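J.: I am attaching a structure below and will ask some questions about it afterwards.
We did not get these values from a lab; they are worked out from the coordinates using the rules stated. Remember, it's a predicted structure, so these values are computed and weren't measured experimentally. For neighbour counting, all protein chains shown are included, and Cβ atoms are generated from backbone atoms with ideal geometry for every residue, glycine included.
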Amino acid sequence: MSETLKNQSSRPRLELLNITKQYPGCLANDQICMKLMPGEIHALLGENGAGKSTLVKTIYGVVAPDAGQILWDGHEVEVKSPSKARDLGIGMVFQHFSLFETLTVAQNIELCLSRSQLHSIGDLAERIRDLSRTYGLNVDPDRFVHSLSIGERQRVEIMRCLVQSVKLLILDEPTSVLTPQEVAGLFTVLKKLSSEGCSILFISHKLHEVTEICHNATILRGGKFVGDCEPANETPATIAKMMVGDLAEQDAGYEKAFGETIVFTANNLSLTAKHPFGTALKQINFELYKGEILGIAGVAGNGQEELMSIISGEDNRHLKNMLTLDGRDIGTQSAGLRRRNGLAYVPEERLGRGAVPEMSLSENTLLTHSRGFVKSGLVNWKALKEYAKSLISQYSVKCHGEFSEAKSLSGGNLQKFIMGREIGQNPKVLICAHPTWGVDVGAALAIHQALLQLRDQGAAILLISEDIDELFLLADRMAAVCDGHLSPVVRAEETSIDQIGQWMAGTFINESEQQEALA
Amino acid sequence: MIQVQARTEPSTLMTFASPFLAIVLTLIFGSLLFTALDKDPLQALHVLLILPLSDAYNISEMLVKMGPLLLCAVGLALCYRANMWNIGAEGQLLAGALGGSAVALMFIDSNSALAMPLTLLGGILSGMAWAGIATFLKVKFNSNLILTTIMLNYIALYLLIWAVHGPLRDPEGFGFPESALFSDATLLPVLSDSGRVHLGVAFAIVSALFAWFLLSKTHLGFKIRVYGADEPAAIYAGYNSKAISWFVMLFAGALAGLAGVSEVAGPIGQLTPNVSPGYGYSAIIVAYLGRLHPAGAIVAAIFLAILYMGGDLAQIEMGIPIAVVGMFQGILLFFLLACDFFIRYRIVPYREKMA
C-alpha cells in the first residue's frame, strides 16, 4: 500500500492514449484518451453503444485495440489477456457474474488465482475473512454461491479482485441489480478502497449515483470522447445532456391513473420451483385494474421470472382457481390460448426469446401476432410486411427494413419493435419485464410513452423492473417481491423509495407472518 | 501463420458453396483412394458419376433410386428444421415395406382397384406408427430421439427378417426368405415405356414441393421453423411444441413408410430382406447436402442416387467393391460438416497487433 500512496500525487495509475477499436461496420472507440489517478473514483458514462464496454474490455485485456497506447504507472504496457491484466493489478466485476453456483465462495475465488498467488496467500479462507472484516463485505468463504443473493454475489466478485491486491477496480453497471440499501453498502466499500489508493472505474447509467461518489467522469458518445467533468459540480440533468446531446427530451413526471374494473387476478398463487436454483412462489395475491400500471420491484432472482412465466403460460403447469383473466380461470390454458384471450408479454430477453435472432422483422411480427395475417393456415406475407413496416415507422425502430434480421438491431431498437408488436395486439393485460434494461435514454423515453399510452387506452400493465426510479416514474400502484413473497400493494404516491427498498429486502415477510401468528 | 476467427454473421456464400466444396473435396479424396486401389482415378470417377447419366435406361434407374432417398430426406429435413433429430428413416422405411407387404399379400389373387391404394396406405401408416413410437417416448419421457430412432431401425430390420422367414414367407417359395410376388393390381404403375420409373418417384417430387410450400407459406411451417431456430421463442409465443414434434415426426414417418412400400410394390415386387441398401441413412446426408431445404433435397437426392448407380456400375465395369459407395457417402458428409464450419468461421492471416 505504501508504494501506491507514494505514487499518488506523482503520476496517473492508468493513462489511455488515442485508443481506437474498429469493429466491422462500427468504430467502437475513436482515439479515446483518459487519465485515472491512484485513489480516484472515475465514472465512464454514455448511452448504449457509446463504446464504454469496448473501452473497459480493452483495459482488461479482453479486446485488443487497433491503435493507441495504455500506460500503467507511467510505463507502456500491452494487456494481452485478462490474466495479464490481473497480474498488473487490474480487477473487473462484470455486469453478469461469472461464478459457479455449485461451488463455495472460497472455491470460486481459488479458481482464478495462479499457483504462485495461492502460495503467497496461504490460508485463503482466512484471507477472505480478513478482507471481509476490513471492508465490511460480509462474505463467508464456506457458503455455496447458489445460496447467495445477487448483492452477495457481487461482493464475492469484488472480493475476488481484492484477494489479488487490486490497484484498479473496474465495475460494469454495479448497482443495476442492487436494492437501494445494498447500493449504499457498496458505496461505502468503494470509498474505503479509494481512500487506500485503489483506483475505481465505474460504469453506470444512473446519474445521481455518479454525482454522489465519483470524483471525475469521462463521457463517450458514438465511440468518441465528448467531454469530462467533475460530477460534484454538475446535476444529473447537465450530465445527461452531455451523454445524449441536446436533442433528447427528458422523462418528465407523468400523471398517475387509477382503474376500477378488475381484469386480472392472482389468488393465493403458490408454486414450487421448477429448477433447483429457482424460487418458489408463496401465496401471491394481487389484482390488475383496467387502465393502470402495477409496478413490481425486486432484486433479480426473487421470483419475478417464475411469476411471469406462470402468468404467461410458458410454465405449462396447470393451476386451479389461482389466475383469472376477465373473471375466467386461465390456469389450465396454454400460453397460446392466453395470448388469444388478450394477454401480451414483453419478456426480459429480447433476442432468443422475444424475437428469433435469424428471422426478419416481418417473421418476428408473426411470432406472436398472427391474428388477421393467417387465413386457413396460409400466411399472408404481403400484409405482414406492410404491417411490420408500419410498426417500424410508428416506433422509430432503426433498421434497414422489415427484412432485417432481429439480431442486426441494437438492444434498444429491438425492444421498441417487440414493445410495438405486443401493444399492436391491443392486449387487455400486458406483462412487461425490464422494459428499458440496457436501452439508451432516447429509446427509454419512447418505450415509457408507449406504455403510458397503452394504459390510457384501458389496458392493465404488470411492470416488473429492477430499476426503482423507472417504477416510481411509471407505476400507479407498487409492490415488491422477495424470495417468492409479494409485499402489500400500495399506491405509488403513498410510498417511498425507502419503504420499497425495505420490502425488496423482505422486511414485510416477518410482519405478515407475525400478523398471521396473532390472528 | 493463420488464425480462425468467428464471423460477425454467418456467410450466405459459404452456406451455398459448402456442399459444392464438399463434393469437390470428396472427388479429390476419391481419386487418391482409387489410385491406391490401382484403378485409374479418371476412369473410376467417369463410371461413378458420368455413366449413370449416359443413357435413358441408366437415368431411369438413377431416378428409381432417387425416389426413396428423396422421400426420406424431405421428412428428415422437416424434422431437423424443428430440432427433432430423427435418425430413424431407415426403420420407418422398413416398417412401411413390411406393413405394405402385409396388406399387398391380402390381395394376392385379387384384381381390386383398391389393392394398390390400400397397400400404399398400409405402408404409410406403418411408417407413421414406427415414427410414433420414438415420438411418444420423446414427448412423454423426454428420451433421446437419436438413440431411440437408431434402436428402432434395428428392431424394424429384424422384424422384417423374421416376417419373411415366417408369416409372410411364400409357401411355394422353396423355403427362400421372400414373400410371394405381389399381384399386378397391387404394383405401382410404371410412368415411362422404357425403364422402371414408377409412381413412387412422382410421389417423391410432389412431397418435396409440398414440404417447400408448407415451410414457406403456411403458419404451421413457420412454427416449425421458429421451434427449430429458437425454442424459447416458440415457447414464449405459445406454440404447442408437442403438436409440432408429433407433426414433423409423423410426416417423416409417413414419407419414409411410403418410400418403403413403393420399393416393395414397385421395382422389387415382393418383400425381401434386402429392401433398402441404407436409403434411410443416406437420406440424412441428402437432407444436409440439400441444406435442409426441400428444393435442395431434390438436387442432393439426384447426386446420391448417381453415386448409388455409379457404385453398381463401378462394381460391374471395374471390379471396384460396392463398399466404396458407403465410403464416398461417409467422406462426403465428413467434408460437408467440415466445410459448414466456415459458414460461421473464417481463416484470416494472423497479424500482430498494430501499434
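J.: Would you pull out the residues with amide H under 5 Å of A:Tyr345's amide H, same chain only if 5 or more places away, H placed 1.01 Å from N?
T.: Sorted by chain and number, the residues that satisfy this are A:Ile431.
J.: Here's something else I'd like to know. Please find the FRET efficiency linking A:Lys407 to B:Gln43, where r is the Cβ-Cβ separation and R0 is fixed at 45 Å, and quote it to the nearest 0.05. Working shown, then result.
T.: Numbers: r = 50 Å, r/R0 = 1.10.
Rounded to the nearest 0.05, the efficiency is 0.35.
J.: Can you give the mean number of other chain Cβ atoms that lie within 10 Å of the Cβ atoms in peptide B:223-229?
T.: Across B:223-229, the average partner-chain Cβ count within 10 Å equals 3.
J.: Label segment A:283-429 by shape, choosing from rounded, prolate and oblate, from the square roots a ≥ b ≥ c of the eigenvalues of the Cα gyration tensor; if a/c is under 1.5 it is rounded, and otherwise prolate applies when a/b is larger than b/c, oblate when it is not. Provide the component values of the computation, followed by the final result.
T.: Values: a/c = 2.07, a/b = 1.53, b/c = 1.35.
Judged from the Cα gyration tensor, segment A:283-429 comes out prolate (a/c at least 1.5, a/b above b/c).
J.: What residues qualify as long-range amide H neighbours of A:Met92, i.e. H under 5 Å apart, gap of 5 or more or another chain, H built at 1.01 Å from N?
T.: A:Ile170
J.: A further question follows. For chain B, what does -39500 (n - 2.57) per DSSP helix run (n ≥ 4), summed and divided by total residues, give at 222 nm, in deg cm²/dmol to the nearest 500? Display every interim value, and only then the final one.
T.: On the way: 13 runs with 239 residues, N = 355.
Result for chain B: -23000 deg cm²/dmol, rounded to the nearest 500.
J.: Looking only at other chains, what is the average number of their beta-carbon atoms within 10 angstrom of each beta-carbon in A:362-371?
T.: If you average over the peptide's residues, the count of other-chain Cβ atoms is 3.
J.: Non-local amide H neighbours of A:Leu378 (under 5 Å, H modeled in plane, Pro and chain starts lacking H): which ones?
T.: Under 5 Å from the amide H of A:Leu378 lie the amide H atoms of B:His219, each far enough along the sequence or on another chain.
J.: Now for a separate question. Which whole-angstrom value gives the distance between the alpha carbon centres of segment A:84-126 and segment A:410-461?
T.: So the two Cα centres are separated by 40 Å.
J.: Something else about it: In whole Å, what is the distance between the alpha-carbon centres of segment B:279-348 and segment A:142-207?
T.: 56 Å
J.: Put a dot 7 Å past each Cα toward the Cβ at A:Asn233 and B:Ser11; how far apart are the dots in nm?
T.: With each label point 7 Å from Cα toward Cβ, the separation is 5.4 nm.
J.: For the protein assembly as shown, give the magnitude of the charge dipole about the Cα centre (Cβ charges: +1 Lys/Arg, -1 Asp/Glu; no others), in debye to the nearest 20.
T.: Charge dipole of the protein assembly as shown: 840 debye, to the nearest 20.
J.: Check each of the chymotrypsin sites (Phe, Trp or Tyr not before Pro) in segment B:154-189 and keep only those in coil by DSSP with at most 16 other C-beta atoms within 10 angstrom; list them in order.
T.: B:Phe174
J.: Subtract the Cα-Cα distance of A:Ser120 and A:Glu101 from 0.36 nm times their separation in residues, and report this length gain in nm to one decimal.
T.: Full-extension gain reported as 4.2 nm.
J.: Need one value for B:213-222: mean number of C-beta atoms belonging to other chains within 10 Å of its residues' C-beta atoms. It would help to have the intermediate numbers written out before the result.
T.: Numbers: counts 1, 1, 0, 2, 5, 5, 9, 4, 3, 8.
Counting Cβ atoms of other protein chains within 10 Å of each residue's Cβ and averaging gives 4.
J.: Then there is this: Beyond a 23 Å Cα-Cα separation, which of these cross-linked pairs lie in this structure: A:Lys375/B:Lys223; A:Lys320/B:Lys223; A:Lys382/B:Lys223; A:Lys167/A:Lys192; A:Lys407/B:Lys223; A:Lys206/A:Lys274?
T.: The pairs that break the limit, which is 23 Å between Cα atoms, are A:Lys320/B:Lys223; A:Lys206/A:Lys274.
J.: Work from the charge dipole of chain B (Cβ charges, +1 for Lys and Arg, -1 for Asp and Glu, about the Cα centre) and give the residue of B:Leu250, B:Ser282, B:Ile343 farthest towards its positive end.
T.: B:Ile343
J.: Now for a different question. Roughly speaking, what is the centre-to-centre gap between segment A:24-83 and segment B:231-254 when only Cα atoms are used, to the nearest Å?
T.: 47 Å
J.: Kindly provide the trypsin sites (Lys or Arg not before Pro) of segment A:406-459 that DSSP labels as loop, not H, G, I, E or B, and whose Cβ sees at most 16 other Cβ atoms within 10 Å.
T.: Working: sites: A:Lys407, A:Lys416, A:Arg421, A:Lys428, A:Arg455; in loops: A:Lys428.
Taking segment A:406-459 and a limit of 16 other Cβ atoms within 10 Å, no loop trypsin sites (Lys or Arg not before Pro) are found.
J.: So what is the calculated 222 nm ellipticity per residue for chain A, using -39500 (n - 2.57) for each DSSP H run with n of 4 or more, over all residues, to the nearest 500 deg cm²/dmol?
T.: Working: 19 runs with 186 residues, N = 519.
That calculation yields -10500 deg cm²/dmol at 222 nm.
J.: Which of rounded, prolate, oblate describes segment B:1-124, given a ≥ b ≥ c as roots of the alpha-carbon gyration tensor eigenvalues and a/c under 1.5 marking rounded, otherwise prolate only if a/b is larger than b/c?
T.: It is oblate, given that a/c is not under 1.5 and a/b is not larger than b/c.
J.: Another question, then. Could you tell me which of A:Pro357, B:Gly296, A:Gln415 has its Cα farthest along the dipole of the protein assembly as shown towards the positive end, charges placed at Cβ (Lys, Arg +1; Asp, Glu -1), taken about the Cα centre?
T.: Farthest towards the positive end: B:Gly296.
J.: What number results when the radius of gyration of chain A, computed over Cα atoms, is divided by 2.2 N^0.38 Å?
T.: So chain A has a normalised radius of gyration of 1.03.
J.: Oh, and also: Quick check: net charge around B:Ser245, other residues with Cβ under 13 Å of its Cβ, Lys/Arg +1 and Asp/Glu -1?
T.: On the way: positive: B:Arg81, B:Lys138, B:Lys140, B:Lys223, B:Lys242; negative: B:Glu231.
Combined, the nearby Lys, Arg, Asp and Glu give +4.
J.: Can you tell me how segment A:182-236 classifies by the Cα gyration tensor, rounded, prolate or oblate, using a/c under 1.5 as the rounded cut?
T.: prolate
J.: So what are the ³J(HN,Hα) numbers for segment B:38-47, from phi and the Karplus equation (6.51, -1.76, 1.60; θ = phi - 60°), rounded to whole Hz, Gly and Pro as x?
T.: With coefficients 6.51, -1.76 and 1.60, one gets 6, 10, 5, x, 5, 5, 4, 5, 4, 5 Hz.
J.: Once you put a point 7 Å from the Cα of B:Ser216 and another 7 Å from the Cα of A:Cys112, both along the Cβ direction, what distance in nm separates them?
T.: Inter-label distance under the simple model: 5.0 nm.
J.: Further, regarding this structure: Suppose a student asked you for the relative contact order of segment B:40-319, using Cα pairs under 8 Å spaced at least 6 residues apart; what percent would you report?
T.: On the way: 543 pairs, mean separation 109.9, N = 280.
With pairs under 8 Å counted, the relative contact order is 39 percent.
J.: Take the alpha-carbon positions of chain B, form their convex hull, and give its projected area averaged over all directions (one quarter of the hull surface) in nm².
T.: 22.4 nm²
J.: Let me spell out the model: positive unit charges on the Cβ of Lys and Arg, negative unit charges on the Cβ of Asp and Glu, origin at the Cα centre of segment B:40-319. What dipole size does that give, in debye rounded to 20?
T.: Working: 11 positive and 15 negative charges, 266 e Å.
Approximately 1280 debye in magnitude.
J.: From the phi angles alone, apply the Karplus equation (6.51, -1.76, 1.60; θ = phi - 60°) to segment A:163-170 and give each ³J(HN,Hα) in whole Hz, x where the residue is Gly or Pro.
T.: So the Karplus estimates, Gly and Pro as x, are 4, 8, 6, 6, 10, 9, 10, 9 Hz.
J.: Please state, as a whole number in µm²/s, the translational diffusion coefficient that the Stokes-Einstein equation yields for segment A:2-244 at 25 °C and 0.890 mPa s, with Rh defined as the Kirkwood radius across alpha carbon pairs.
T.: Approximately 134 µm²/s, per Stokes-Einstein.
J.: What ³J(HN,Hα) values, in whole Hz, does the Karplus curve 6.51 cos²θ - 1.76 cosθ + 1.60 give for segment B:98-105 when θ = phi - 60°, with x put for Gly and Pro?
T.: After applying 6.51 cos²θ - 1.76 cosθ + 1.60, I find 5, x, x, 5, 4, 5, 4, 5 Hz.
J.: Mean-square fluctuation check for chain B, GNM, Cα pairs under 10 Å: which of B:Gln92, B:Gln43, B:Gln329 is largest?
T.: It is B:Gln43.
J.: For the protein assembly as shown, take the alpha-carbon Rg, divide it by the Kirkwood Rh, and send me Rg/Rh.
T.: With Rh from the inverse mean 1/r over Cα pairs, Rg/Rh is 1.05.
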